[in-house]
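First comes the structure, then the notes that go with it.
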Amino acid sequence: MAKVWRDVQAVLPATEPEFPLVFSEIVEPSVLATLELTRELLYRASDFSACAEKAQIIIDYSWEKLNTGTWRDVDKEWRRVYSYGCLFKVIGTCHGDASQAKVQEAIRTCDMGLLMGASIMDNILQRLVNVLKNKVKTQLPGEVEDTDQPCPKQKPKKDRMAEPKIDAAMSVPRVKCPALESFRSGFLMHQKPVILEGIIDHWPAFREHTWSIDYLRAVAGCRTVPVELGSRYTDEDWSQRLLTVNEFIDRYIVDEEAVGLGYLAQHQLFDQVPELKEDIRIPDYCCLGEGDEDDITINAWFGPGGTISPLHQDPQQNFLAQMYLLISFLTGKQVVGRKYIRLYSLEQTENLYPHQSQLLHNTSQVDVENPDVIQFPNFTKASYQECVLHPGEVLFIPKQHWHYVRSLELSFSVSFWWS
Amino acid sequence: KKSMSWFGFGFNGFGQIVPKRTGGKDEGADKVLSPVVLERSLCTCEGRTSSNPTNKSETSEPEVKVAASWSQIAAIQINGDPHVCISGFISDSHEQHQRLAPESKGCQEALISERYLTLRFADRVECWSLKPSGKSLVWSGVQDVSADTGSTVTLPLVPGGYIASKPPLFRPISSKLCAVSLALGTEHAVLLTSSGSVYSWGSGSHGQLGHGSLVSEDEPRALEALLGVPMKYVAAGGWHSACISAGGDLYVWGWNESGQIGLPSKGLKDQSQRESSTETGELMVDKREDNVFIAIQAFPALVDVPEESEIRKVSCGSRHTASITNSGNLYTWGWGHYGQLGHGSKCSSDEPKVVEYFSNGGMIVEDVVCGPWNTFVSAAPRDHPTS
């Protein structure tokens, strides 16, 4: 496995002077001294195990800073220090005999740096992970066609979650490929929800590589992502776990006996895995906003049937796109990815009983499909719209418009938050 | 207190416990897994305990207290010729061989953090900033010499308030609270009053305030869960807090990600799974969904120390806890990756475990002070009488 080290080394600066360690005063002299010593161990002493040990000290110290105060308060310098710690650790891990387990560990370390750190040295962690992921032995998508492969948790059609009956009076209107101006004047201007059909047909995800579980494994299987466990984020038993995409699929998508729900939710997967970003496009209608295209936040939402996002609202406009997922059954192939969505306008807020706390004030206390009418009597008075969003469709959720989402089956959504 | 020695274990990245030789291969490793006697690292002044060197009858063993930051230890000699010696990270090249802090002569108590050295003298308190360019006095206040409560109020309390770990350094505390002791965590504070009540304020994000929620508090708020049980000691760590009742019971609350509360920690289980999986190359899939793990303990919880004995003292590091029983045994639990639990390994623990180095070594533990990632213990052989 010497080839791993050679390719990793090619990404690193050739000499010590080309390896910058510049930080603001907020990074204490003792920490800076440790960083400089680690760089020395690398370039002068070539002591890679000592480098890995010092790296862990840097990671542990900056991790504590990352957990101090709210995430917003964390100084970007500490996130940079954390990334440097991850970088040094990856270097220490990849040197010498880099087994498959070591490569996987190094990828995980890169991902931790990408998830919690801040970009350093021209996004070196992303460049490293691009090198390392090619060293992982995986099965190619074409190979997994036989019926011996485990099928997703999907139950046969007749047992699948019943599609809620949508009242025509409350149904979200559908429009096929509206012109920019029609969308703007018809829906954006007055902040009205609408389902846009046909606007993502051109995505490579539907034309060139139709997404499937196997494709996701092939492209991102070894990558570490944050997964939400538990029914919904307002529950006491809700928690987050870091898993690889393979682990997540194994435990929560495919496993017949999975205990509890797992949801890869609200994660900027497309920044972490640039290959996936090439399969999607930013909807043209986003240009109607005032913000930059660079400021658009793209999130992935991937999970089994039954995942719930409690009724809440977000501070930006949202295009929620449903992906096609191709699933292989014994009986043949099927396209899945439907979600039930209910929408309430901002004016209904009083009837929706938002939490009082700072942490959850954008979230309603009411369980939409099973409301406690005694505790929340006015909820049934609130007028709403609802729909079942199918693969290939895009729902426009206006800024601050309350929305509740439940997946009816295995589903992958992509949300675009724009202003 | 003859034959009392200080020991240290845990993080040694700057040679605080086992000195590193400069300009050569590091002698001391970054982790000290079992207790080590500290003599060499503590004070280079060789026990100048008498201000009058010719009067031999006055000389006695130096009595030393210890305070620790992440990268340094401050050894405070409190008898004879009181002063502070600092070891560990040396940023100022002038101080390479001089560890005595000249500004500390005559001081009675000291606290040290990455940025500041706080010194209490008989008549004043001073706060010095520790910069590579040298120390500079950044705050000083008059110590209340006249008031005699029978026991001096300890740092970081000062007349009218306390010294915080970051600016603004001086923060007022209402005198109505009758504060006798204050413990500062990373972003919270725990206060003990003369009547044995406990107050807390600051960030509550990890339950470290003990009020039963994750809400932060700007002002001192009494821990209602402890009302009616007078407390005699308080301590605070990174994201957890502890207190001891007059009857010797130990209560801990806050974040339990490494077992520092002494309750079952899922974080420990995940960590050990991940470690064993990288060794075997496989992933162990855990299908059990256990409900007994505690991530955050937002109300004080009584800690079950395996002995019948009462708890005498507790100290909290960043993510670990150490306590001494009346029978002189030391128990540690929480994060152990740097050896700060002193059991000879890098394992963390969510249950209090006795540090056998002392109990099996026939020693009685007198005092414990936790740095963020290490632990310092003063102990003496059991046979010798201590005052």
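Restricted to the range A:125-141, and to residues that are assigned to a helix (DSSP H, G or I) and open to solvent by 60 Å² or more (accessible area, probe 1.4 Å), which residue is nearest to the other protein chains (Cβ to nearest Cβ)?
Top of the filtered list is A:Asn134.
Of the residues that make up the range A:12-27, is at least one facing chain B (nearest Cβ under 10 Å) and either under 30 Å from A:Gln100 (Cα atoms) or open to solvent by less than 20 Å² (accessible area, probe 1.4 Å) (or both)?
Scanning the range A:12-27, I find no residue that is facing chain B (nearest Cβ under 10 Å) and either under 30 Å from A:Gln100 (Cα atoms) or open to solvent by less than 20 Å² (accessible area, probe 1.4 Å) (or both), so the answer is no.
Could you list, in sequence order, all residues of the range A:349-381 that are buried (at least 18 other Cβ atoms within 10 Å of the Cβ) and within 19 Å of A:Lys399 (Cβ to Cβ)?
Matches in the range A:349-381: A:Leu352, A:Pro354, A:Thr363, A:Ser364.
I'd like the full set of residues that are within 14 Å of another protein chain (Cβ to nearest Cβ) and assigned to a loop (DSSP other than H, G, I, E, B), limited to the range B:343-387.
Within the range B:343-387, B:Lys346, B:Ser348, B:Gly371, B:Pro372, B:Trp373 qualify.
Which numbered condition in (1) of a type in the set (Gly, Ala, Ser); (2) within 19 Å of the chain's Cα centre (by Cα); (3) open to solvent by 50 Å² or more (accessible area, probe 1.4 Å); (4) more than 14 Å from chain A (Cβ to nearest Cβ) is the only one that B:Ser140 fails?
(2)
Criterion first (crowded, with 24+ Cβ neighbours inside 10 Å and either assigned to a loop (DSSP other than H, G, I, E, B) or in contact with a strand residue (DSSP E or B) (Cβ under 9 Å, 6 or more places away or on another chain) (or both)) does B:Ala242 satisfy it?
yes
Could you tell me whether A:Gln268 is open to solvent by 50 Å² or more (accessible area, probe 1.4 Å), in contact with a strand residue (DSSP E or B) (Cβ under 9 Å, 6 or more places away or on another chain) and within 12 Å of chain B (Cβ to nearest Cβ)?
Considered against the rule, which asks whether it is open to solvent by 50 Å² or more (accessible area, probe 1.4 Å), in contact with a strand residue (DSSP E or B) (Cβ under 9 Å, 6 or more places away or on another chain) and within 12 Å of chain B (Cβ to nearest Cβ), A:Gln268 comes out as no.
Aliphatic (A, V, I, L, M), in a strand (DSSP E or B) and touching a helix residue (DSSP H, G or I) at 6+ places or on another chain (Cβ under 8 Å) - does that describe any residue in the range A:255-263?
no
I want to confirm something. Restricting to the range A:90-124 and keeping residues that are away from chain B (no Cβ under 13 Å), in a helix (DSSP H, G or I) and not hydrophobic (A, V, I, L, M, F, W, C), which single residue is surrounded by the most Cβ atoms within 10 Å (Cβ to Cβ)?
Taking the candidates together, the pick is A:Gly113.
Would you say B:Ser181 is farther than 20 Å from B:Val252 by Cα, open to solvent by 10 Å² or more (accessible area, probe 1.4 Å), of a type in the set (S, T, N, Q) and within 16 Å of the chain's Cα centre (by Cα)?
For B:Ser181, the condition - farther than 20 Å from B:Val252 by Cα, open to solvent by 10 Å² or more (accessible area, probe 1.4 Å), of a type in the set (S, T, N, Q) and within 16 Å of the chain's Cα centre (by Cα) - is not met.
Please list, ordered by first then second residue, the pairs with beta carbon atoms under 9 Å, 6 or more apart or interchain, first in the range A:341-361 and more than 14 Å from chain B (Cβ to nearest Cβ), second open to solvent by less than 50 Å² (accessible area, probe 1.4 Å) and part of a helix (DSSP H, G or I).
Taking only residues 6 or more apart or on different chains, the pairs are A:Arg342/A:Met170; A:Tyr344/A:Asn351; A:Tyr344/A:Leu352; A:Asn351/A:Phe379; A:Leu352/A:Phe379; A:Tyr353/A:Phe379.
Quick one: in the range B:184-221, which of the residues that are open to solvent by 30 Å² or more (accessible area, probe 1.4 Å), more than 14 Å from every other protein chain (Cβ to nearest Cβ) and assigned to a strand (DSSP E or B) is nearest to B:Lys313 (Cα to Cα)?
B:Tyr199
Can you run down the residue pairs with Cβ atoms below 8 Å, 6 or more apart or on separate chains, where the first is in the range B:106-128 and free of Cβ contacts under 8 Å to residues at least 24 places away in the same chain and acidic (Asp, Glu) and the partner is assigned to a strand (DSSP E or B) and surrounded by fewer than 22 Cβ atoms within 10 Å (Cβ to Cβ)?
Partner pairs satisfying both residue conditions: B:Asp123/B:Val142; B:Glu126/B:Leu137; B:Glu126/B:Trp139; B:Glu126/B:Ser140.
Taking the range B:245-266 only, how many residues are open to solvent by 10 Å² or more (accessible area, probe 1.4 Å), in a loop (DSSP other than H, G, I, E, B) and away from every other protein chain (no Cβ under 14 Å)?
Matching residues across the range B:245-266 total 6.
The values are calculated or read from the model by the stated rules, or taken from the named source; none is laboratory data. Predicted, not measured: the structure shown is a model, and the values here were computed from it. Positions of Cβ are backbone-derived with ideal geometry, glycine not excepted, and every protein chain shown enters the neighbour counts. The area values use the complete protein model at the heavy-atom level, side chains included, leaving out ligands, DNA and RNA. Shrake-Rupley method; radii C 1.70, N 1.55, O 1.52, S 1.80 Å.
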